[in-house]
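Each remark here refers to the structure printed beneath this line.
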Amino acid sequence: MRIVHIPTITVRVTVRALVVGVCLAGGLTAATSQSQAAACAEVEVVFARGTGEMPGLGITGGPFVRSLQQELSGRTVTSYAVDYAANAAQTSAGPGATDMSSHVREVAAACPGTRFVLGGYSQGATVTDLALGIRFGTTSGTAIPADLADRVAAVVVFGNPLGMTGRTIAQSSPTYGSRSRDYCNPGDPVCGGGANMAAHLAYASNGATADGARFAAGLVKGAPVTGTTTTGTTPTTSPTGGPTWPTSWPTAWPITRPTNWPTAWPTRPTTTTSCAPSRLPGWLGSWLDRRRGC
């Protein structure tokens, strides 16, 4: 019988290889954890755009996020644009709320130190309402879990259709009300029953987004909040008393203007009663009139 001896050096090399492999694996795991931690922002803005806007933060969300980043210049502030259709029928708010809630839940699990600022414009404000558990309209979505409520530092919405019922988030949510601010410009037909569509488009230009950012930043910092607005419905007007009625189509219109729309901007209405015709042609005018009960 022949006995074969395995050289000792071979065994040692094998053991060393195993040890090195385990160490490398441990190092990769630690590196991955460190990478994930580095990728977590201190503050994340979750914002839902308005009806008909292209995917992204939109004409109101973009300025709001930039203002908040300036207010919190010493902190990392990222943003997430809610992924939803923003359709004219207003039926996409529910799925949008579910996407907002899901994103908050996923980021909260991966980044224990991240705090959230939630917001929305127009139909996007309805998305936010539903995500906070406020039932409104004909659609529904998944609300943010109650155990994550403390992770939400502030809620800021603009042109919220909830205002058509005479309510604000502050009045409708015991959980988030004290951390919320609704902006509704005078004459805005979407939140205030007015007839001035220009008012609905003016939140980024009349200082509302900047004021909302200051409000949110104050809550993130844990400092007393100061500003030009009060609790409840907060009309924010321009220095001249309200948004200027334009004489031509905006150059950065948030949706594509159908070819059958008139080239001239509609004449400014002479009345501000709740059922004054919006005088906007096509589906947008019809939708606004229906929402106001005309």
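General remarks:
- Entry remark, the stretch 108-134: residues being charged (D, E, K, R) and part of a strand (DSSP E or B) number 1 in total.
- Restricting attention to the stretch 154-171 and to residues that are β-branched (Val, Ile, Thr) and buried (at least 19 other Cβ atoms within 10 Å of the Cβ), the residue that is nearest to Asp129 (Cα to Cα) turns out to be Ile169.
- Residues being modelled with pLDDT of 95 or more, among the hydrophobic types (A, V, I, L, M, F, W, C) and more than 12 Å from Ser140 (Cβ to Cβ) - total across the stretch 86-100: 2
- Residue list for the stretch 177-187, filter: outside any strand (DSSP E or B) and in contact with a strand residue (DSSP E or B) (Cβ under 6 Å, 6 or more places away or on another chain): Arg179, Cys184
- For Arg105, the requirement of being more than 20 Å from Val65 (Cα to Cα) and assigned to a loop (DSSP other than H, G, I, E, B) is not met.
- Once the stretch 191-220 is narrowed to residues that are of a type in the set (A, V, I, L, M), in a helix (DSSP H, G or I) and out of contact with any strand residue (DSSP E or B) (no Cβ under 7 Å at 6 or more places or on another chain), the residue that is farthest from Arg66 (Cα to Cα) is Met197.
- Checklist (1) part of a loop (DSSP other than H, G, I, E, B); (2) touching a Ser or Thr at 6+ places or on another chain (Cβ under 9 Å); (3) surrounded by fewer than 19 Cβ atoms within 10 Å (Cβ to Cβ) applied to Pro174, failing item: (2)
- Residues that are among the β-branched types (Val, Ile, Thr) and outside any loop (DSSP other than H, G, I, E, B), drawn from the stretch 135-171: Val152, Val155, Val156, Val157, Thr165, Ile169
- A count restricted to the stretch 37-61 and to residues that are farther than 18 Å from Ser101 by Cα, touching a helix residue (DSSP H, G or I) at 6+ places or on another chain (Cβ under 9 Å) and among the small types (Gly, Ala, Ser) stands at 3.
- Annotation: of all residues in the stretch 64-97 being among the aliphatic types (A, V, I, L, M), over 10 Å from Ala48 (Cα atoms) and in contact with a strand residue (DSSP E or B) (Cβ under 8 Å, 6 or more places away or on another chain), the one that is surrounded by the fewest Cβ atoms within 10 Å (Cβ to Cβ) is Leu72.
- All conditions but one from (1) surrounded by 20 or more Cβ atoms within 10 Å (Cβ to Cβ); (2) under 19 Å from Pro63 (Cβ atoms) apply to Gly193; the one that does not is (2).
The values are calculated or read from the model by the stated rules, or taken from the named source; none is laboratory data. Just so it is clear, the structure is predicted and the values come from calculations on it, not from any experiment. In this analysis, Cβ positions are derived from the backbone assuming ideal geometry, glycine residues included, and neighbour counts consider all displayed protein chains.
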